[in-house]
1. Over region 89-205, with every protein chain in place, what whole percent of the accessible area is carbon and sulfur at 1.4 Å, could you tell me?
2. Kindly report the accessible area of region 229-309 per residue (heavy atoms of protein chains, probe 1.4 Å, no ligands, DNA or RNA), in Å².
3. Please report, in debye to the nearest 20, how large the charge dipole of region 1-152 is about its Cα centre when each Lys and Arg carries +1 at its beta carbon and each Asp and Glu carries -1 there.
4. For the chain, what value does the Rg/Rh ratio take when both radii are computed over Cα atoms and Rh is the Kirkwood radius, given to two decimals?
5. What's log10 of I(q)/I(0) for region 223-301 at q = 0.17, 0.21, 0.26 Å⁻¹, Debye sum over Cα points only, no solvent?
6. Would you mind checking which residues have amide H under 5 Å from Phe125's amide H? H placed 1.01 Å from N; only 5 or more apart, or other chain.
7. Taking DSSP loops as anything outside H, G, I, E and B, show the longest stretch in the chain free of chymotrypsin sites (Phe, Trp or Tyr not before Pro) there with at most 15 other beta carbons within 10 Å.
8. Can you tell me how region 1-51 classifies by the Cα gyration tensor, rounded, prolate or oblate, using a/c under 1.5 as the rounded cut?
Amino acid sequence: MDFRQLQYLTVVAEYQSITKAAKALYISQSAMSHYVQKAEAELGIQLFDRSTNPLTLTYAGELYMESARKILMENDRLTREFRDITRHMTGKLRIGTSRDRASYMMPRILPVFAQKYPGIKVEIFTESGEKLQEALRNGRIDLLLLAGDQKLNQQGLSAQNIYTEELVLAAKKGSIPPDHRDPRFPHIINPKYLNHMPFFLLFQEHVARSFCDYYFKKYRIKPDIKMEFVSNITCYHMASTGMGLAIIPYLTTRLTQPDQEMELLSLEYPVATWNIQAIYRKEAYLGQPEQDFIAITKQLFSREIIHPV
């Protein structure tokens, strides 16, 4: 059985694009097209409907992908179980997280993990939260370090909490008048003053954007969305221009320093927080390296309740 072919085809189905799948797997578009054509020729069926944009699966393609994912996941499970039995600790550990979080967490985690498991190669995948969760469900990554989602259980995923983090309102210093704050707590914004205010936000597929949308709905805020980006750091820097506001994880302020002096306000009281979690598939076999990666991450970050006040 050609496991590479199974893997490549499931990635095409995930991205609904041969070009995007090839880019994600660091192979040429022509090589990816060859794998798709070869599989369809061998099976005598069409897996993808090429008349649609993005690509969609045919009925036969849906059946194929369902079986392919099960085969790949079972192969991964057996490989990990045999690795644990033999104590021959080699192979890969595929971690998904955001670009910003990877730059903060990985320099602290990977040296400790590498010392304990020199034969395990760690691969880091950075994407939006929505795409990373899809990759996790499809078995393309093993663990996900991301802010938790209440729907994880419904999606066949489990999680362990790592640390708690506040989400804050970022603004150029002096751009939020005193009367826009809670009179009892000057470090807290009064949500009613955010209605129709300009904002720089992440695109919809990002977890932080989901929080922003929830917050706006909770306080009946209609934001004036000036621009959307793929990075909280970019939103933070754009807020420093004074042209708008940004809602960001406090972590972002540790990663970069804008040219202008900034002010960080809490969004509500008690403060708005989320849990950064290690997320994995419920049915997945967590071998000793996977368990130790989570344990190391907890040890390094579990006491960090990140907030500015």
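The values are calculated or read from the model by the stated rules, or taken from the named source; none is laboratory data. All values reported here derive from a predicted model rather than from experimental measurement. Methodologically, a virtual Cβ is constructed for each residue, glycine included, from the backbone with ideal geometry; neighbour enumeration extends over all protein chains shown. Heavy atoms of the whole protein, side chains included, go into the accessibility calculation; ligands, DNA and RNA do not. Shrake-Rupley method; radii C 1.70, N 1.55, O 1.52, S 1.80 Å.
1. Carbon and sulfur together cover 51 percent of it.
2. Details: 3630 Å² over 81 residues.
In whole numbers, region 229-309 has 45 Å² accessible per residue.
3. Details: 22 positive and 18 negative charges, 129 e Å.
With Lys and Arg at +1 and Asp and Glu at -1, about 620 debye.
4. On the way: Rg = 22.0 Å, Rh = 21.5 Å.
Dividing the radius of gyration by the Kirkwood radius yields 1.03.
5. For the requested q values the scattering log ratios are -0.84, -1.01, -1.28.
6. Ile95, Gly96, Thr97
7. Values: sites that count: Tyr26, Phe203, Tyr219.
In the chain, the maximal stretch lacking such sites is 27-202.
8. Numbers: a/c = 1.68, a/b = 1.25, b/c = 1.34.
The shape class here is oblate.
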